[in-house]
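Please read the structure below before turning to the comments.
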Amino acid sequence: MNLHIDTPLLASTAIGARAGQAIWLKMDALQPSGSFKLRGIGHACVTYARRGARRFISSSGGNAGIAAAYCGRRLGVPVLVVVPETASSRARELIAREGAEIRVHGASFQEANAHALSLLGEHDAFIHPFDDPLLWEGHASMIDETVRAGVRPDAVILSVGGGGLLCGAVAGLRRNGLAEVPVFAVETEGADSYAQSVAAGARIELPAITSVASSLGARRVSEAALALRATHPVHPVVLPDTDAVQAALRFMDDHRIVVEPACGVSLALAYRAGELLAGFSNVLVIVCGGVTATVPQLQAWGAATAQR
Ligand SMILES: *Cc1c(COP(=O)(O)O)cnc(C)c1O
């Protein structure tokens with residue numbers, strides 16, 4: 001059983017600038033929960049429910065919590081989402097709209113997360129936002145769909161928060177005979193825990209997240225995401241918030257879809273069509289989506305960053 005949907009695969013003439021190069025957009029912004037997270041979290045929730053879970057617990061006040069709430073409603077399983085006081089009213093509203101119970105605890109994600117873990121009972125399943133092999137298995141379906149639609153990418157662009165999307169996409173490439181295909185793993189400055197870990201050769205922990213791309217705000221990436229580089233070509237890319245926000249705004253005009261800066265940063269790399277992408281003929285951009293930013297908020301960020 002799948003809780004996610006097959007999303008459209010579009011060839012973007014608005015973005016595709018280089019001669020002989022196609023830019024393919026995997027439109028996961030169109031998932032019912034508004035982000036790709038539904039693929040992995042859907043697979044995890046279905047699996048945990050089958051194993052007897054009677055409640056799902058999440059500590060994400062973002063797209064992961066929203067996806068978990070969506071899955072619980074679809075499966076008829078109660079969901080508890082523990083969020084910190086900093087969670088936006090919009091995120092709380094979106095979680096509540098899916099019928100999940102919200103508990104506000106602590107000043108930071110760390111405190112909310114610790115509280116969520118302390119509540120875990122025998123029949124509860126904890127839904128991690130990025131570090132769970134079941135999530136990666138579910139995320140991999142985006143590559144299966146792409147290949148089934150007749151496109152074999154020779155490069156992939158995706159965003160990295162904690163690295164769940166990265167692990168899933170690489171798993172999908174491998175199981176479709178695309179193990180050699182390079183992945184550009186994009187983050188914003190101030191949320192670049194993956195790029196800094198790669199540079200250091202070990203997992204580092206950012207002291208704080210200073211980017212507006214809150215969905216990329218894992219202070220530490222998963223061990224699995226960092227280890228991938230030993231067996232797969234993964235190239236970290238870091239771009240400023242300005243680029244992420246401007247790309248999200250431009251994407252609204254070009255493709256009439258609203259995405260968060262967390263997704264905009266991947267689009268920014270595609271819009272640049274720089275040297276990095278030279279020589280690739282089928283570039284797949286994972287349009288990971290995200291519903292926590294509104295259009296006025298994107299515009300305000302755009303105006304603020306343009307003034308700097
Ligand atoms: C979660 C999320 C990401 C990052 O995914 P990870 O699996 O944590 O690397 C990127 N974009 C959006 C919109 C997200 O919700």
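Brief remarks follow.
- Cβ-Cβ under 6 Å pairs, at least 6 apart or on other chains, the stretch 1-16 side within 28 Å of Leu135 (Cα to Cα), far side of a type in the set (D, E, K, R): Leu3/Arg74; His4/Arg39; Asp6/Glu145; Thr7/Asp28; Leu9/Lys26
- Within the stretch 275-287, the residues that satisfy the criterion of being open to solvent by 10 Å² or more (accessible area, probe 1.4 Å) and either under 23 Å from the mean Cα position of the chain (by Cα) or in contact (Cβ under 8 Å) with a residue 12 or more places away in the chain (or both) are Leu276, Ala278, Phe280, Ser281, Asn282.
- The condition (being of a type in the set (Gly, Ala, Ser), surrounded by fewer than 24 Cβ atoms within 10 Å (Cβ to Cβ), touching a Gly at 6+ places or on another chain (Cβ under 7 Å) and at pLDDT 95 or above) is satisfied by just one residue among Gly42, Gly34: Gly34.
- Of the residues making up the stretch 215-264, those that are more than 13 Å from the ligand (Cβ to nearest atom), open to solvent by 10 Å² or more (accessible area, probe 1.4 Å) and in a loop (DSSP other than H, G, I, E, B) are Thr231, Pro233, Pro240, Arg256.
- Pairs meeting the criteria (first residue in the stretch 57-74 and within 21 Å of Phe109 (Cα to Cα) and assigned to a loop (DSSP other than H, G, I, E, B), second residue open to solvent by 10 Å² or more (accessible area, probe 1.4 Å) and of a type in the set (Lys, Arg), beta carbons under 7 Å, at least 6 apart or on different chains) are lacking.
- From Glu145, Glu137, residue being assigned to a helix (DSSP H, G or I), open to solvent by 30 Å² or more (accessible area, probe 1.4 Å) and closer than 21 Å to Ala179 by Cα: Glu137
- In the stretch 80-100, the qualifying residues are those that are assigned to a helix (DSSP H, G or I) and in contact (Cβ under 8 Å) with a residue 40 or more places away in the chain, and the one that is least open to solvent (accessible area, probe 1.4 Å) is Ala91.
- Summed over the stretch 148-176, residues that are assigned to a loop (DSSP other than H, G, I, E, B) and crowded, with 21+ Cβ neighbours inside 10 Å total 5.
- All positions within the stretch 12-31 that are touching a Leu at 6+ places or on another chain (Cβ under 8 Å) and either exposed (fewer than 15 other Cβ atoms within 10 Å of the Cβ) or of a type in the set (Ser, Thr, Tyr) (or both): Ser12
- Any hit, the stretch 149-170, residues being in the same structural domain as Val265 (by TED's automatic domain parsing) and among the polar types (S, T, N, Q): yes
The values are calculated or read from the model by the stated rules, or taken from the named source; none is laboratory data. These figures come from a predicted structure and were not determined experimentally. Positions of Cβ are backbone-derived with ideal geometry, glycine not excepted, and every protein chain shown enters the neighbour counts. We work out accessible area using only protein heavy atoms, side chains counted, and drop any ligands, DNA or RNA first. Shrake-Rupley method; radii C 1.70, N 1.55, O 1.52, S 1.80 Å.
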